[in-house]
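Encoded as structure tokens, the structure appears first; notes follow it.
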Amino acid sequence: MHDAFLSHPCVPKLSTSDVKASIIALQITLFPNKGFSIGCTTHHAVLDGKSSILFMKAWAHICKHNSCLLPTELIPFLDRTVVQDPEGIDIEYSNNWSSINQASGDSNARSLKPFPSREVPPTSVRATFKFSREDIKKLRERILSQLDKVSDKKDTEAIHLSSFAITLSYALACLVKARGLKRDDTIMFGIAADCRARLDPPIPTNYFGNCVFLHVAVLAGSAMQDDGIVFVAQKVSEVIEGIEKAALEGAKEKVRKGMAIEPAVIPVGVAGSARFEVYGVDFGWGRPKNVEVTSIDRTGAISMAESKGESGGVEIGLVLKKEVMEIFENLFVSGLKHV
């Protein structure tokens, strides 16, 4: 656990204006006799997380092997014409972008500047929490055991309990309790689904751009007071099932729903993925000692990556007020100990 602002000087700012915006900014910071950090900032309207990691992996491969020849999976695919959008989802996004700019007081509705982000409380701290493969296995067994008591066998067998679903559900359940959310509070969580393989026709996995779609679900505080992980796991499973069946079904309405967040609703997103394998980015000096998604202090998202030290494990990152983080840490650790 450390001050949330500690890593900010190591991350570059993106140059943006109303009419022009950089796609990516890089900064290398040297720590004498200790090592160095690589800070990377991207414009999410152009690059999604998968593309950002593809760039880092390609750069690392060139450095490590001293060759510009890349393996096929690391060669960026740049042809935008392969993306078919007969429903005009791009126009819906553009209209929403303009309306948000206008609502925030920007005189230029087509401004390329990033949206205003939330204020980060000065007492905020950043922390990383780790799930071992065994932790995930035990949580899966616990969820299934609880579902057997309240659902029929068909519902229990149908629930999607991937490592992603389990770790996100447990983190959200701990977060609700740590923040002291009341029964009438509401959380809206979002999952950004990679649509490369889900488009019709599918596009290459190394497509370099932004090809994600946000799927959201609402969690009522009243349903999360007891064994919240089971309820959240069911909701997360429903979202993932919807993604697998038809990732872009009702896309326009989902865009409007995702953008129109009521002031009383607490938004929580997910940044990153254990599938990105960020700890496999090796510039020739070995694996990274630590990887952080710095922006989660402004977005309120939960970051996610594969475990640095164990195959099959997952690590998550959060930024919370210090007193809330201490409660979260206690709930997280004690919950796994007694699972």
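The values are calculated or read from the model by the stated rules, or taken from the named source; none is laboratory data. Every value quoted in this text rests on a predicted model; they were computed, and no experiment measured them. Neighbour counts run over all protein chains shown; Cβ positions are idealised from the backbone, glycine included.
Does T81 fit the bill of being within 19 Å of V278 (Cα to Cα) and among the β-branched types (V, I, T)?
no
Among helices (runs of 4 or more DSSP H) lying entirely in the stretch 239-339, which contain 3 or more residues that are over 12 Å from the mean Cα position of the chain (by Cα) and surrounded by fewer than 17 Cβ atoms within 10 Å (Cβ to Cβ)?
251-259, 322-337
Which residues, taken from the stretch 74-125, are at pLDDT below 80, of a type in the set (A, V, I, L, M, F, W, C) and outside any loop (DSSP other than H, G, I, E, B)?
If the condition is that a residue be at pLDDT below 80, of a type in the set (A, V, I, L, M, F, W, C) and outside any loop (DSSP other than H, G, I, E, B), then W97, I100, A103 are the ones that fit.
Could you list all residues from the stretch 124-138 that are more than 14 Å from G312 (Cα to Cα) and among the hydrophobic types (A, V, I, L, M, F, W, C)?
V125, A127, F129
When residues of the stretch 18-65 are filtered for being assigned to a loop (DSSP other than H, G, I, E, B) and modelled with pLDDT of 95 or more, how many remain? Spell out how you get there, then give the answer.
Residues of the stretch 18-65 that are assigned to a loop (DSSP other than H, G, I, E, B), as a first pass: 18-20, 22-23, 32-34, 43-48.
Subsequent filtering for residues that are modelled with pLDDT of 95 or more retains 48.
Of the residues in that region, 1 qualify.
Any residue in the stretch 126-149 that is more than 30 Å from N210 (Cβ to Cβ), surrounded by fewer than 13 Cβ atoms within 10 Å (Cβ to Cβ) and modelled with pLDDT under 85? Quick ask: steps written out before the conclusion?
First pass over the stretch 126-149, keeping only residues more than 30 Å from N210 (Cβ to Cβ): 132-135, 137-149.
Narrowing further to those that are surrounded by fewer than 13 Cβ atoms within 10 Å (Cβ to Cβ): 141, 145, 148-149.
After this cut, where a residue has to be modelled with pLDDT under 85 as well, the list is 148-149.
Checking the stretch 126-149: at least one residue is more than 30 Å from N210 (Cβ to Cβ), surrounded by fewer than 13 Cβ atoms within 10 Å (Cβ to Cβ) and modelled with pLDDT under 85.
Any chance the stretch 210-221 includes a residue that's in a helix (DSSP H, G or I) and under 28 Å from E323 (Cβ atoms)?
yes
Might you let me know whether the stretch 189-203 holds any residue that is touching a residue at least 60 places away in the same chain (Cβ under 8 Å), under 24 Å from L54 (Cα atoms), exposed (fewer than 13 other Cβ atoms within 10 Å of the Cβ) and in the same structural domain as M304 (by TED's automatic domain parsing)?
There is at least one residue in the stretch 189-203 that is touching a residue at least 60 places away in the same chain (Cβ under 8 Å), under 24 Å from L54 (Cα atoms), exposed (fewer than 13 other Cβ atoms within 10 Å of the Cβ) and in the same structural domain as M304 (by TED's automatic domain parsing).
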